[in-house]
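The values are calculated or read from the model by the stated rules, or taken from the named source; none is laboratory data. Owing to the predicted nature of the structure, the values given are computational and were not obtained by experimental measurement. Here Cβ is always computed from backbone atoms with ideal geometry, including for glycine, and neighbour counts include all displayed protein chains. What goes into the accessible areas is simple: the full protein's heavy atoms, side chains included, and nothing from ligands, DNA or RNA. Shrake-Rupley method; radii C 1.70, N 1.55, O 1.52, S 1.80 Å.
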Amino acid sequence: MSITLIAELASTASSAFGAPDQSYLFQARQMQALSFAAHIPLVCFGIAFPALVVFAEWLHLRTGDAVYLVLAKRWAKVMLALFAVGVVTGTILSFELGLLWPNFMATFGAVFGLGFTIEGISFFIEAIFIGIYVYGWNRLSPRAHLLTGIPIILSGITGSLMVIAVNGWMNHPTGFTLRNGHAVDVHPFAALFENSYFWHELIHMYIAGYMVAGFLTASVYAWALLRGRNTRYNRTALIIPLTVAALAAPIQIVVGDWVARDVAKTQPVKLAALEGLQTTQNGAPEHLLGWYDGRGVEYGIKIPKLLSLLSFHDPNATVKGLDTVPVEDRPPVNVVRFSFQTMVGIGTGLALLGVIYVAVWLRRRRLPASPWFYRAVVAAGPLSVVALIAGWITTEVGRQPWIVYRVMRTSEAVTGASGIPVGYATLALVYAGLAVAVAWLLRRLGRAPLEQYEPAADGEAAP
């Protein structure tokens, strides 16, 4: 369904139902959050996993090693399964935009419609070439087959790029004029690509994609090694995604610093919420942990001037507090604080794990020997997903009460239709069923025999 049609339907629904019923605002937010939490990890695999699959196949063509070929074939089936699930969750999300937030779609559909159109085209290209890639192993030459993986990688990038561009616009709206409640003088290219949030959100999300896909994939094979299946296949399958994730994790800290400094300039209330800073201060302190009680942070570990230093690279810089706006214009502080500190804490731990892995590999040319390392890798998989979702909570909840920053409130965008609690319960059941189906399918794929390969002896060195 095109974004224009969705906007027209949303406009009709908005007129028919009149003013939104605010009693359903919370349920609408939670329903959207549930869909987003289910879909965003799949986006990470759409961004990064095809590159891992194609890289494994390229290693086979370069070396002739059958292990890489088997790995590429098995991962390709996983890629297909996750893409199919992503189709379901992504379709639900697209319909929710019009059903839950009709005023938002009716007012601004012309601004970001181009982005969703390109995203839809990217989806169809990705679907076509995934089919060719998965079912073309014995029908195409090796080099031709490898080349069919390139459009999968590119379409995964362009599709997610468009959605990230729309989200960047929501945080820094530009490229239009709002007149009598309607967006006019629309410049879609400027709206999508000239907002100040586009580049750092894009890079931040893409690195997160490689971290999530890398650590989650590596955690499966780390678990196999812990259970004694120390074969060359499992070690190789661990090394490829873990290396990618380990290199990405420290870079993410640098990108995160860039993001935080831009937030300090363009969304100072969000920054104040992240740190529970009640009053504007010169040389503002940072609080680790603690609880915001409406006046400041209690029970936190105070580090003088650190917030000013991190936000503006100046320990005496002025940081605006929550008192610069009315209470109704502030986000829920503790939700934003906890999600932000969860993201930063897990991200720092993942970066440290990546540094340890890379250091051991460069020094000894082998995997670390300690079982605690493999336990940490197993934990890093689900923790990377937690950090991902916490990061998006920080971004989206931290922007509240605005769905389009300082232009439209979320309360102005919500539907006035009833029945959201029923839809919410139904959606939860759908996602629970999907989770069971995915777990069953991945488990079955994992138990499939290894084609054309006999596992090496336990003592054989990893490639």
Of the accessible area of the chain, computed with a 1.4 Å probe and all protein chains kept, carbon and sulfur make up a percent value of 67
Given Cα pairs under 8 Å that are at least 6 residues apart, what percent is the relative contact order of segment 333-409?
45
Extension reserve of the K265-E328 stretch, reckoned as 0.36 nm per residue once the Cα distance is removed
20.6 nm
Starting from segment 81-186, pick out the trypsin sites (Lys or Arg not before Pro) whose DSSP state is loop and whose Cβ has at most 13 other Cβ atoms within 10 Å.
R139
Label-point separation, N138 to Q281 (7 Å along Cα→Cβ), nm
6.9
How many times 2.2 N^0.38 Å is the alpha carbon radius of gyration of segment 58-166?
1.33
Mind checking which lysines have their C-alpha under 30 Å from K302, skipping anything on the same chain fewer than 8 residues away?
K265, K270, K320
Post the alpha-carbon centroid distance, segment 310-369 to segment 106-122, in whole angstrom.
32
Please list, or write none, the lysines whose alpha carbon is within less than 29 Å of the alpha carbon of K73, excluding same-chain residues fewer than 8 places away.
none
Determine, from the Cβ-Cβ distance of L445 and T117 and an R0 of 25 Å, the FRET efficiency 1/(1 + (r/R0)^6), rounded to the nearest 0.05.
0.15
Need the C-alpha centroid separation for segment 21-75 versus segment 223-292, integer Å.
19
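Relative contact order of the chain: what whole-number percent is it, with Cα pairs under 8 angstrom and at least 6 residues apart? Please list the in-between numbers first.
Numbers: 695 pairs, mean separation 96.8, N = 463.
Reported as a whole number, the value is 21 percent.
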Can you list residues whose amide H is under 5 Å from I403's amide H, if they're 5+ apart or on another chain and H is modeled 1.01 Å from N?
M408, R409, T410
Between L362 and A428, what is the label-point separation in nm under the 7 Å Cα-to-beta-carbon projection?
4.8
The Kirkwood hydrodynamic radius of the chain, taken as the inverse of the mean 1/r over all distinct Cα pairs, in Å, comes to 23.8
Residue-averaged 222 nm ellipticity for the chain, from DSSP H runs of 4+ at -39500 (n - 2.57), nearest 500:
-25000 deg cm²/dmol
Just the number please: accessible area per residue for segment 135-247, 1.4 Å probe, all protein chains included, in Å².
42
